[in-house]
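Student: Submitted below is the structure of interest, expressed as structure tokens.
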Amino acid sequence: MMIVLGTIWGSSFFFIKIDVADIPPLTIATGRVGLGALLLYIYIRSRGYFLPCDMAVWRWLIPIGVLNSALPFFLIGLAEQTIDSNLAALLMSAGPIWALILSHFLTSDDRFTVNKTMGIGIGFAGVVIILGPMILAGASGTLFGAGALVTANICYVLSGVLVRRVQGVRSDVFGASVSIAGFFVILPFSLIIDQPWTLTPGAGPLASVFYLGFMATAFAAIIRFKLLMEVGATFFSQIGYIITISGVLIGAVLLSEPITLNMIAGMILIFFGIYVSQRKLKTALNKD
């Protein structure tokens, strides 16, 4: 499940890059979330399930929907207006580092240790190696795109923490609920700011939005929430390994995006930092 989901999300950077040439990021996110929400709702109804009726549950589902889909989807599209898709995939690999930091402050059972602190330092060194030469070369768009991706990463981590507060909701119903919530929050912004009825995208970008909604949102949501509820936010964040490798390779092969030595070195450091920070956790899992 981790491999399948990581590959789907890795390919999404390629499809987003196709979209941003013709469609504004806000409308891409709205179309993606809306299509995903529709398909997820049809899916759960076909299986005889309904959306939650408890308003106490929706007080968590709404912010999760914003943090898990609407806001990060918009931010990733915004970033890919100025940076390559494989660089976006690479920078998103730092998600586990942000998960370590935020989990220390937002949870009671995931505190800093020596290994985690070392891992965070190594991971950040990798990010500096990736971005440093580009920033020194005056690529201001790279810094802006990197900031958008860092914010998207933080959104995902926060949504993962909030998911743990929801109990008794099936993973597929959960996915449909948060997608619907995210769609209704982001829709007014798209209508007012982008006025999507005035856009004239080509067939390729439209097909990409459909892929993003069906595969990278609807199908992926069912897998993601099931994994989050089973293994927790910090362990799940290791899916960044798979997302990064698939995203970088797809961008290089299909879009001819360069893979530089500093990108490879930075990726190795990020991965090594994640490994160092999670060594004790992996040992415990192996014993189990």
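Student: Thr7 to Ile268: extension gain in nm, 0.36 nm per residue of separation minus the Cα-Cα distance?
Tutor: Values: separation 261, 0.36 × 261 = 93.96 nm, distance 1.89 nm.
Value of the extension gain: 92.1 nm.
Student: To continue, here is another question. Considering all projection directions equally, how large on average is the shadow of the alpha-carbon convex hull of region 110-203, in square nanometres?
Tutor: Values: hull surface 42.9 nm².
Mean projected area of the Cα convex hull: 10.7 nm².
Student: Let me ask you something else. What residue among Pro24, Pro258, Pro205 has the largest mean-square fluctuation in a Gaussian network model of the chain, using Cα springs under 10 Å?
Tutor: Largest GNM mean-square fluctuation: Pro258.
Student: Right, something else. Among Pro52, Ile42, Leu78, pick out the residue whose Cα is farthest towards the positive end of the charge dipole of region 17-99, where Lys and Arg carry +1 and Asp and Glu carry -1 on C-beta, about the Cα centre.
Tutor: Pro52
Student: Regarding region 169-234, what is the average projected area of its C-alpha convex hull, in nm²?
Tutor: Average of the hull's projected areas for region 169-234 equals 5.7 nm².
Student: Rank Leu90, Asn68, Ile23 by how far each Cα sits towards the positive end of the charge dipole of region 7-93 (+1 on Lys, Arg Cβ; -1 on Asp, Glu Cβ) and give me just the farthest.
Tutor: Asn68
Student: Follow-up. Share of the chain's accessible area from carbon and sulfur, percent, 1.4 Å?
Tutor: 71
Student: Something else about it: Per residue, what volume in Å³ does the convex hull of the Cα atoms of the chain enclose?
Tutor: Taking only Cα atoms, the chain has a hull volume of 134 Å³ per residue.
Student: Region 25-182: Rg/Rh from Cα coordinates, Kirkwood Rh?
Tutor: Ratio of gyration radius to Kirkwood radius for region 25-182: 1.04.
Student: Which three lengths, in whole Å and largest first, does region 151-277 cover when its Cα atoms are put on their principal axes?
Tutor: Computed over the Cα atoms, the extents are 45, 43, 23 Å.
Student: Mind listing the phi-derived Karplus ³J(HN,Hα) values for region 33-46, rounded to whole Hz, using 6.51, -1.76 and 1.60 with θ = phi - 60°, and x for any glycine or proline?
Tutor: Those phi angles translate into 5, x, 5, x, 4, 4, 5, 5, 5, 4, 4, 5, 5, 5 Hz.
Student: Report the Rg/Rh value for region 25-78, based on alpha-carbon coordinates and the Kirkwood definition of Rh.
Tutor: 1.04
Student: Turning to a different aspect of this structure: Cα extents of region 1-116 along the three principal axes, largest first, in whole Å?
Tutor: Principal extents (largest minus smallest coordinate, Cα): 48, 42, 26 Å.
Student: Next question. Go ahead and set up a Gaussian network model of the chain, Cα springs under 10 Å, then flag whichever of Ile223, Ile180, Ile28 fluctuates most.
Tutor: Ile223
The values are calculated or read from the model by the stated rules, or taken from the named source; none is laboratory data. Predicted model only: the values in this text are computed from it and were never measured. Every residue, glycine as well, gets a Cβ built from its backbone with ideal geometry; the counts of neighbours run over all protein chains shown. Note: areas computed on protein heavy atoms with side chains; ligands, DNA, RNA excluded. Shrake-Rupley method; radii C 1.70, N 1.55, O 1.52, S 1.80 Å.
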